[in-house]
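Working notes, structure below.
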Amino acid sequence: MEQRTYNQYCATARTLDLVGERWTLLLIRELLTGPKRFGDLQASLRGLGTGLLAARLKHLEREGLAHKITLPPPARTPAYALTEAGEELGPAIMELARWGLKWAMGERRATETFHPGWAVLGLRACFDTEAAAGLHAVYEFRIDDELFHARIDDGAIEALHGPAQRPDATVTISQEAFLRLTGQGFTFAEAIETGAASASGDKQALRRLGDLFRLPPPHTRDPDQPSS
């Protein structure tokens, strides 16, 4: 597949030459939360055909943004992971996510898919460092069959797929209820009160949970319409 180029001696244009093709940044988004097998990427990126996925992965390998690895036991299967250069795209992708939460999300369209695992990066994008000052806690989240966790360490966050070894607090919520939370018409407290979610563990950690992740109020891109 021929690589298109802007033919501009400019850092922004050169970067877009590398990651500007459709699906490429979403592949990097998936790999930011850890190595993934080919099948894992197919499951998370519905709509991306097998041939195009293989081509995009080869492009990332060729450009030094990703490489093949073998997962440790017990898996011992081939997977893809980001290189140092690929990992350093993380802050740029997080800023795109924060911009999107404010300016692009709106209501979910009927044709749009959702994968609970995307919430791992969502936690990082919505994390309030000031609210987490002085907090040392591990939260495990269960959205239907998806498990991931967040380790909070005095204003810093590490969010990863998979269960936590020793969570201080555990939150269980359905995908439907989680999407209502992200739509900002439903609070975590309301989810608990209505039974749409359950929580267990350290009471202080649970009390602080509601302040740790804040969605920005949605804004309109129409200059003639006031933002909410």
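The values are calculated or read from the model by the stated rules, or taken from the named source; none is laboratory data. Everything quoted here is computed from the prediction, not taken from an experiment. Ideal geometry is used to build each Cβ from the backbone, glycine not excepted, and the neighbour counts take in all protein chains shown. Surface accessibility is based on the protein's heavy atoms, side chains included, excluding ligands, DNA and RNA. Shrake-Rupley method; radii C 1.70, N 1.55, O 1.52, S 1.80 Å.
If you go through region 71-94, how many residues are part of a helix (DSSP H, G or I) and either out of contact with any helix residue (DSSP H, G or I) (no Cβ under 9 Å at 6 or more places or on another chain) or touching a residue at least 12 places away in the same chain (Cβ under 8 Å) (or both)?
Of all residues in region 71-94, those part of a helix (DSSP H, G or I) come to 84-87, 90-94.
Keeping just the survivors that are either out of contact with any helix residue (DSSP H, G or I) (no Cβ under 9 Å at 6 or more places or on another chain) or touching a residue at least 12 places away in the same chain (Cβ under 8 Å) (or both) gives 84-87, 90-91, 93-94.
Result for region 71-94: 8.
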Unmet criterion (only one of (1) farther than 30 Å from Gly183 by Cα; (2) modelled with pLDDT of 95 or more; (3) of a type in the set (Gly, Ala, Ser)) for Ala92: (1)
Wholly inside region 113-228, strands (runs of 3 or more DSSP E) that include 1 or more residues that are charged (D, E, K, R), buried (at least 18 other Cβ atoms within 10 Å of the Cβ) and modelled with pLDDT of 90 or more are 136-143
Single residue of Leu32, Leu41, Leu26, Leu45 found to be within 16 Å of His115 (Cα to Cα) and open to solvent by 40 Å² or more (accessible area, probe 1.4 Å): Leu26
Pairing a residue in region 188-209 that is closer than 12 Å to Val171 by Cα with any residue that is crowded, with 17+ Cβ neighbours inside 10 Å and of a type in the set (Ser, Thr, Tyr), where Cβ atoms lie under 9 Å and the two sit 6 or more apart in sequence or on different chains, gives Ser198/Thr170; Ala199/Thr170; Ser200/Thr170; Gly201/Tyr139; Gly201/Thr170; Ala205/Tyr139; Leu206/Tyr139; Leu209/Tyr139
Look through region 86-118, keep the residues that are farther than 29 Å from Arg62 by Cα and of a type in the set (A, V, I, L, M, F, W, C), and return whichever of them is farthest from the chain's Cα centre (by Cα). Ala110
Across region 1-23, what is the total count of residues that are surrounded by 14 or more Cβ atoms within 10 Å (Cβ to Cβ), acidic (Asp, Glu) and either without any contact (Cβ under 8 Å) to a residue 24 or more places away in the chain or within 16 Å of His161 (Cβ to Cβ) (or both)? 1
Tell me, please, whether a residue that is under 27 Å from Leu65 (Cβ atoms) and among the aliphatic types (A, V, I, L, M) can be found in region 134-152. yes
Boolean, Glu61 is among the charged types (D, E, K, R), out of contact with any Pro (no Cβ under 6 Å at 6 or more places or on another chain) and either part of a loop (DSSP other than H, G, I, E, B) or within 30 Å of Pro216 (Cβ to Cβ) (or both): no
Looking at the structure I just gave you, is Trp103 open to solvent by 20 Å² or more (accessible area, probe 1.4 Å) and touching a residue at least 60 places away in the same chain (Cβ under 8 Å)? yes
Tabulated pairs, region 43-70, first among the basic types (Lys, Arg), second open to solvent by 50 Å² or more (accessible area, probe 1.4 Å) and in a helix (DSSP H, G or I), C-beta under 9 angstrom, 6+ apart or interchain: Lys68/Glu61
Flag if Asp168 is in contact with a Phe, Trp or Tyr (Cβ under 8 Å, 6 or more places away or on another chain) and farther than 24 Å from Pro91 by Cα: yes
